[in-house]
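Remarks on the structure that follows.
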Amino acid sequence: MKDKNNKIYNFVIIALGIIGTILMFRQKESAIGLTTVGLANFKFFTVQSNYFCVIVAILWILTDKADEKKKKLMITMKLMAASAVGLTFAIVAFFLGPLYGHILLYQDANLIFHLLLPLVAIAEFVFLDVEERIPLNKTLFAMIPSFLYGTVYLLNNLINGAGEWPDGNDWYGFLNWGLPIGIMIYLGVILVTWFIACILRAVNQVIHMKQTRIIRITSVVFLGILLIAAVILLFVMPKIKPDITDKPDITAEPIGCIGNHVYYPENMFLSEGRSEEQNAAIKSYLESLDKTLDEDVYITLCMDYPAYGRIDVSATAYVNGVVLSYFPYTATTENDKGLVQKFSRMVRPELDTSGLLDPNELIPSVKAFASQNTDKMYMDRGDTIYGTYLLKYDMEKEKLYYEYTLNEWSYVNVDARSGEIIGWNFYDGVIY
């Protein structure tokens, strides 16, 4: 059953696991495609599923002379491992990749854990020599890893709280839309894992039970296409420079106004996930909120839950064209209180905006600083650093500053009077 080819596959899996581990622990900072470093990476299903695959590969080699009962157990474990890393491969290739850019997700250790090791594990299983048909009920065991991981993930959030993303306990953001949606995602991931297991079992049966030469050739060609696609993705696509001639550089944040008092970032209504009907409902709700106000506010967050018919709004004070860093207002369609100041004891400051530096003149220094940190940024336009700026007021330090939002996910704060860089955060936007 276990021929030389099976052993080669397993030695390759082990070798890839070792290389991936070395790359993972060599990263001294939060690099592209990873949101943490060192042992903390083991909280991600990506790492856990790959290590499970390596452990099964080691057991496969050690049980080379095992009896028939143990051999069947090992085949089931192989199916579990291939399905687990197959889930990782599928999510990155077909969901996160198009969302954040494949190149960002296939660098350093992630080249191993997202692409190479999963492909080898999948190839090994579909070409695995079996003496009899794998029972369909064995595919149910493939759901165990995602079931255990998802259960612990949800319980951890329920017991300890989600915390602030991405450093909290909900690092995948499954609970952003509430617990019911989070549970649906949890169940959906388990079902996808089972579906992957069924596909792997079916392909294995077609190849090894029918023993037809044309199907073997077709399977080899298919895997060859995957390999060619990987080469193009890794070595050809990075050399293709995107057309950025019509893309903006760094400009003032476009601000819209609804009614007399509600200000908002205009890109708030550009979400591709919202329909025109949803945006119309949000605008209508903001118009009703405007009537409850006698002072200006700036919308910082607007969440629409069409399944529940609910809209949640968060805002902060807006004084003389300045956004206050912390002056919270909240509102929801579930009550009729309007936009309410969260802490009524807070008093709006008197702001003097005269004599401030021109934010456009600060852009070169902001770009120069950001260019030293592009390895941690979302670089979807080649080497271009782009974004917007907004004048804000630090309530704690009583200081006016410009917040430059760069390449979607990063920011640099600059003192509006001295031009000194006083804060920053660089992030590539990748979620694991």
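Coordinate-derived values only; no laboratory data. Here the structure is a predicted model, which means the values were calculated and not measured. Here the Cβ is made from the backbone with ideal geometry for all residues, glycine too, and neighbour counts use every protein chain on show.
Taking 35 Å as R0, compute the FRET efficiency from the Cβ-Cβ separation of Cys198 and Asn160 and round it to 0.05.
0.50
Please compute the modelled spin-label separation between Asn425 and Met184, points set 7 Å along Cα→Cβ, answer in nm with one decimal.
A separation of 2.8 nm, rounded to one decimal place.
Per 0.36 nm of contour for each residue apart, how much would the distance between Tyr326 and Leu356 grow if the chain were fully extended, relative to their Cα-Cα spacing?
Working: separation 30, 0.36 × 30 = 10.80 nm, distance 2.11 nm.
Additional length available on full extension: 8.7 nm.
Distance cut-off 22 Å, Cα to Cα: go down the list Lys337/Lys399; Lys342/Lys397; Lys43/Lys70 and report the pairs above it.
Values: Lys337/Lys399 32 Å; Lys342/Lys397 20 Å; Lys43/Lys70 30 Å.
Pairs exceeding the cut-off: Lys337/Lys399; Lys43/Lys70.
Sorted by packing (mean other beta-carbon atoms within 10 Å per residue), highest first, where do 40-47, 129-136 land?
Numbers: 40-47: 18.8, 129-136: 13.1.
Going from most to least packed, we get 40-47, 129-136.
In what sequence, highest mean first, do 178-188, 144-154, 107-117 appear when ranked by Cβ atoms within 10 angstrom?
The most tightly packed comes first, giving 107-117, 144-154, 178-188.
Given a Förster distance of 45 angstrom, what is the FRET efficiency for Asn373 paired with Asp67, based on the Cβ-Cβ distance and rounded to 0.05? Numbers along the way, then the final one.
On the way: r = 57 Å, r/R0 = 1.27.
Calculated transfer efficiency: 0.20.
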